[in-house]
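Colleague: Dropping the structure in here first, questions after.
The values are calculated or read from the model by the stated rules, or taken from the named source; none is laboratory data. Remember, predicted model here, so these are calculated numbers, not experimental data. Positions of Cβ are backbone-derived with ideal geometry, glycine not excepted, and every protein chain shown enters the neighbour counts. Note: areas computed on protein heavy atoms with side chains; ligands, DNA, RNA excluded. Shrake-Rupley method; radii C 1.70, N 1.55, O 1.52, S 1.80 Å.
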2 protein chains.
Amino acid sequence: MTTPSIPTGHTPQRPRIVIIGCGFGGLEAARALQGAAVDVTLVDKTNHHLFQPLLYQVATAGLSAPAIAAPIRHLFRRQSNVTTLLGEVTCIDVARRDVHLADGSHLPYDHLIVAAGATHSYFGRDDWAAYAPGLKTLDDAFEIRRRVLLAFEAAEKEPDPARRADWLNFVVVGAGPTGVEMAGTLAEIARHTLPGEFRHIDPASAKIILLEGGARVLQAMPEALSQRAKEQLEKLGVDVRLNARVTAIDAQGLRVESASPAQPSNPNSYQINSKCIVWAAGVAASPLGRHLAEATGATTDRAGRVVVAPDLALPGHPEISVIGDLAAAKSHRPGHEPTPVPGVSPGAKQMGRATAANILRRLAGQPTQPFRYRDYGNLATIGRNSAVVDLTSPAGPVRFSGYFAWLFWLFAHVYFLIGFRNRLVVLLDWAWAYWSFARYARVVTGIEGGPHQPPAPSSAKPPG
Amino acid sequence: MTTPSIPTGHTPQRPRIVIIGCGFGGLEAARALQGAAVDVTLVDKTNHHLFQPLLYQVATAGLSAPAIAAPIRHLFRRQSNVTTLLGEVTCIDVARRDVHLADGSHLPYDHLIVAAGATHSYFGRDDWAAYAPGLKTLDDAFEIRRRVLLAFEAAEKEPDPARRADWLNFVVVGAGPTGVEMAGTLAEIARHTLPGEFRHIDPASAKIILLEGGARVLQAMPEALSQRAKEQLEKLGVDVRLNARVTAIDAQGLRVESASPAQPSNPNSYQINSKCIVWAAGVAASPLGRHLAEATGATTDRAGRVVVAPDLALPGHPEISVIGDLAAAKSHRPGHEPTPVPGVSPGAKQMGRATAANILRRLAGQPTQPFRYRDYGNLATIGRNSAVVDLTSPAGPVRFSGYFAWLFWLFAHVYFLIGFRNRLVVLLDWAWAYWSFARYARVVTGIEGGPHQPPAPSSAKPPG
């Protein structure tokens, strides 16, 4: 072995636990190991834990990045059995129990927790990524913020009315929670934030189009709440188009096939010109899932997630657990058939805690326990003053929408934000935005020659 | 003329005033034209006005970018005679009175205010820029933040003690206000913010070296305050080296020639290994200055600033004014010799207001007035609890340093921040940072393949 091994500071007698990824799952697993006689190494590609449920607010200039991102090593400064490393995992050597990093170093483990999450998927059309960025990382959020704000700037400068209208067409593909939040907030920006600031365009004339391939928005929600969400979106001025499938995306816009439920075999195909498209349609598990499956003989599902045993470990490899969005896990409720765990943050957090507990059981020579997911419900916000809430309670589901649902959503999200300071700042920002309609984080950087350069106003004009 | 003219919404009878740049000078000029029967077009390369005096706080993760950057068109939303444009000026056609933008459009003017500011200068050694970024824009600040935070991350992973020490050498070149603030804050981060968060390095062992070619720090300050500032820096743990001239910078670090005042002709030459160098040594005027001088026959000084007439217009071109860091202007106090205006924000703001007033005089057929700079004093902060203040008062100078100087500096800066919300957030951030020692904006993005990719930990190892 010639590659340098990173000094992980472990004393030889303590089991070494390596956690890949510090999303909700990895973070909770590391926290749940607090005080245990183990050495934990937490490795992540970035230096921060990201509160993804509010990422759309960074993309729409409502929050600054530091408000929803906490430095990982700061979070673990007082948990002395955790070593934080910034690094990218390139390979897991299952036989040698060793994780390889991109910088050539490696991390030997006694137990491995893989919590590498998911990224957006273009269903095999990766060429669409350049025209329709997704929203998973802070860099994605900055890129979308840049495109949205620069589209209005370009429209203000555009003398040709047809081209000007193209700049003011905003399309969101996919009406899951992220797509609904994005579309609702874009409508709010166009109708409430920007009017009065431009001299040649009326920002309120911008069209926000939400395309959904399925028959309703927020498909994880009960049908009645989907209907309410659609109504609230339309009240905000969003053009919601259901059963609308995207067949092509390029620099001019996108091609849509819209099937009416009555005639699904005879779709209507049309073009939407747009310079600002947001992709919220699909997720795929990290490539580490397939890599792991190949190395261990585990199977992956269609989305690339690794099928795990009831205790979240890999079949035949009790020393490797997979959790969060990377795992195709089931909830095991005694006396019931196992049910799939949804890809939401409470699921990842519960898997993190359950895995940590199972590792400690295994180290103590006790049998592991099957994972059971506790579903507390489902929330989604649509925009100013509107949200839908579907809570699970022993007395049956509690469902409501509108202003109180929005307040409930807001406080639930602020409550779960990491760090007291962030909570305070986010509440303050929200209160300010609520009363003033202003969005303060309208900073666009890297306008000249950045990596995510949007199509420049001049070059984006059609030839001729 | 085949290039499209941007519709600037002016009515033909109203004089068209174009302002290039929305720093302190351009912003104040546009504001001072409020209510006047003129059409103002304000063009800037970015979409935000930047409060540069606090930029070092963004670079050192103490503030988020939106806290010190306000969207320009939001600032002018209620001033209906101002049109804001995002664009880069490529050429000024003095004969046709027309400003050309990079996107091919152009802006005809009756009066032009050029407030394009300055950038950092490497004194002809532009190859140093890759190893020693300066601090003028938000992108610069993000780049420095990234290098500082990633240097500690790389040190944590580095098994070789000598290389580890190199990662923990931070060098600031130039001991003007920015250099002093950067060095003081880096020392604060190393001594107070990061300790306890790493497992293999002691961040407090980091060396912060401040190199100054001259004989004292903060040369614009009286000598006694320079001495106090140096003592306060040293108390914070900064290694201040005066009469130290940088002769080379590369990926390994820098070469320094240090002359003792006793033997200036026999300098001592030595190497400092460092992966994180901040350039705070020199500024040069925007290239637009030289372009304008060539077109009008005006002269530029050694720093590329345009020498202006007493009323801030160009000699022979009363329709063009140059203000702020781009102008080599003099203050005309009746009965005194003209004195140079210092390159500080109060100077730029006063020039902005004076120029607006002179344009209105000219439009009214009245003679313009010579510019007079009112000097209220000079502030500089060094770090936690320490600053130096030199106030000008009718009763003579008021000079103090230490904790009260720091409080004075803080409130003066928060007071001048644009926008009530920003002031509140900055105060809150400061209070939080003060009591917790934490710096919350420790977000590094674009780690993989960004434009400002710092030398990667692995590739930065010396060969062999």
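Colleague: Using a 1.4 Å probe over the heavy atoms of the protein chains, calculate the carbon and sulfur portion of the accessible area of chain B as a whole percent.
Modeller: Solvent-exposed carbon and sulfur of chain B make up 54 percent of the total.
Colleague: So the label point sits 7 Å from Cα along the Cα-to-Cβ vector; using that for A:Ala251, what distances do you get to the other copies, in nanometres, sorted shortest first?
Modeller: Reported distances to equivalent positions: 3.4 nm.
Colleague: Which longest run of chain B has no exposed loop site in it, a site being GluC sites (Glu not before Pro) in a DSSP loop with at most 15 other beta carbons within 10 Å, and the site itself not part of the run?
Modeller: So the longest stretch without any such site is B:89-447.
Colleague: Assuming a ≥ b ≥ c are the square roots of the Cα gyration tensor eigenvalues, decide whether the stretch B:1-126 counts as rounded (a/c under 1.5), prolate (otherwise, with a/b larger than b/c) or oblate.
Modeller: Details: a/c = 2.27, a/b = 1.43, b/c = 1.58.
Oblate, because a/c is 1.5 or more while a/b does not exceed b/c.
Colleague: Dipole of chain A (Lys/Arg Cβ +1, Asp/Glu Cβ -1, origin at the Cα centre): which of A:Val148, A:Ala229, A:Gly335 lies farthest to the positive side?
Modeller: A:Gly335
Colleague: If you don't mind, there's one more thing I want to ask. At q = 0.06, 0.09, 0.13 Å⁻¹, what base-10 log of I(q)/I(0) does the Debye formula yield for chain A when every alpha carbon is treated as an equal point scatterer in vacuo?
Modeller: -0.28, -0.64, -1.25
Colleague: Further, regarding this structure: Which sequence of A:Ser401, B:Ser269 reflects their accessible areas, 1.4 Å probe, from the largest down?
Modeller: Largest accessible area first, the residues go B:Ser269, A:Ser401.
Colleague: Take peptide A:63-76, look around each residue's Cβ out to 10 angstrom, count Cβ atoms belonging to other protein chains, and average those counts.
Modeller: 6
Colleague: Where the eigenvalues come from the Cα gyration tensor of the stretch B:292-443, what are the semi-axes √(5λ) of the equivalent ellipsoid, largest first, in whole Å?
Modeller: 37, 19, 15
Colleague: At a Förster distance of 56 Å, what's the computed FRET efficiency of B:Ala220 paired with B:Arg96, Cβ-Cβ distance as r, to 0.05? If you can, show how the numbers build up before the last one.
Modeller: Numbers: r = 41 Å, r/R0 = 0.72.
Here the calculated transfer efficiency is 0.85.
Colleague: A further question follows. Based on Cα coordinates alone, diagonalise the gyration tensor for the stretch B:126-281, multiply each eigenvalue by 5, take square roots, and list the semi-axes in whole Å, largest first.
Modeller: After scaling each eigenvalue by five and taking roots: 25, 18, 16 Å.
Colleague: Quick one: check the C-alpha center-to-center distance for the stretch B:142-167 versus the stretch A:198-244, whole angstrom.
Modeller: Here the answer is 47 Å between Cα centres.
Colleague: Ok, one more. Need the full-extension length gain, A:Arg361 to A:Thr339, defined as separation in residues times 0.36 nm minus the C-alpha distance. One decimal, nm.
Modeller: Full extension of this stretch gives 5.5 nm more.
Colleague: Taking the Cα centre of the stretch B:126-281 as the origin, how large is its charge dipole in debye, to the nearest 20, when only Lys and Arg (+1) and Asp and Glu (-1) carry charge on their Cβ atoms?
Modeller: Taking the Cα centre of the stretch B:126-281 as origin, the dipole is about 220 debye.
Colleague: At 222 nm, what helix-only mean residue ellipticity would chain A give, in deg cm²/dmol to the nearest 500, using -39500 (n - 2.57) for each DSSP H run of four or more?
Modeller: Rounded to the nearest 500, it is -8500 deg cm²/dmol.
Colleague: Treating only the Cβ of Lys, Arg, Asp and Glu as charged (+1, +1, -1, -1), what charge dipole size does the protein assembly as shown show about its Cα centre? Round to the nearest 20 debye.
Modeller: In debye, rounded to 20, the protein assembly as shown gives about 1600.
Colleague: Give the B-A buried accessible area in Å², both sides summed, 1.4 Å probe, nearest 100. Let's see the in-between values first.
Modeller: On the way: alone 21580 and 21590 Å², together 37670 Å².
Chains B and A together bury approximately 5500 Å².
Colleague: Given a Förster distance of 22 Å, report the FRET efficiency between B:Ser205 and B:Asp250 from their Cβ-Cβ distance, rounded to the nearest 0.05. Numbers along the way, then the final one.
Modeller: Values: r = 24 Å, r/R0 = 1.11.
The value I calculate is 0.35.
Colleague: Just tell me the longest site-free run in chain B, where the sites are chymotrypsin sites (Phe, Trp or Tyr not before Pro) in a DSSP loop having at most 14 other beta-carbon atoms within 10 Å. Write down the numbers at each step before the final one.
Modeller: Numbers: sites that count: B:Phe123, B:Tyr376.
Longest gap between qualifying sites, sites excluded: B:124-375.
Colleague: Between the label point of B:Tyr415 and that of the same position in each other copy, find the distances and list them shortest first in nm, with every label point placed 7 Å from Cα along the Cα-to-C-beta direction.
Modeller: Between copies, matching label points for B:Tyr415 lie 4.3 nm apart.
Colleague: By how many nm would the segment from A:Leu407 to A:Leu391 grow when fully extended, if each residue of separation counts as 0.36 nm and the alpha-carbon distance is taken off?
Modeller: The span from A:Leu407 to A:Leu391 would gain 4.3 nm if fully extended.
Colleague: Still on this structure: Please report how far the C-alpha centroid of the stretch B:271-343 lies from that of the stretch A:292-351, rounded to the nearest whole angstrom.
Modeller: The stretch B:271-343 and the stretch A:292-351 have Cα centres separated by 65 Å.
Colleague: Taking a point 7 angstrom from the Cα of B:Arg125 along the C-beta vector, which residues in the stretch B:269-305 have backbone N less than 11 Å away?
Modeller: Flagged as within label range: none.
Colleague: Mind listing which trypsin sites (Lys or Arg not before Pro) in the stretch B:296-346 are in a DSSP loop and have 14 or fewer other Cβ atoms within 10 Å?
Modeller: Values: sites: B:Arg302, B:Arg305, B:Lys330; in loops: B:Arg302, B:Arg305.
When the trypsin sites (Lys or Arg not before Pro) of the stretch B:296-346 are filtered for loop state and at most 14 Cβ neighbours within 10 Å, B:Arg302 remain.
Colleague: Considering only the label points, 7 Å along Cα→Cβ from Cα, what distances in nm to one decimal separate A:Phe123 from the same position in each other copy, shortest first?
Modeller: 6.1
Colleague: How much length is gained on full extension from B:Arg78 to B:Tyr376, taking 0.36 nm per residue of separation minus their Cα-Cα distance?
Modeller: 104.2 nm is the gain from fully extending B:Arg78 to B:Tyr376.
Colleague: On to the next question. Closest beta-carbon to the A-to-B rotation axis: which chain A residue owns it, and what is the separation in whole Å?
Modeller: Closest Cβ to the A-to-B rotation axis, residue and whole-Å distance: A:Ser64, 2.
Colleague: Return the Rg/Rh ratio of the protein assembly as shown with Cα-based radii and a Kirkwood Rh.
Modeller: Looking at the protein assembly as shown, the ratio lands at 0.98.
Colleague: About the Cα centre of chain B, what is the dipole size in debye to 20, counting +1 per Lys and Arg Cβ and -1 per Asp and Glu Cβ, all else neutral?
Modeller: With Lys and Arg at +1 and Asp and Glu at -1, about 860 debye.
Colleague: Something else: If you count, for every residue in B:129-139, the Cβ atoms of partner chains within 10 Å of its Cβ, what is the mean?
Modeller: Mean number of neighbouring Cβ atoms from other chains: 1.
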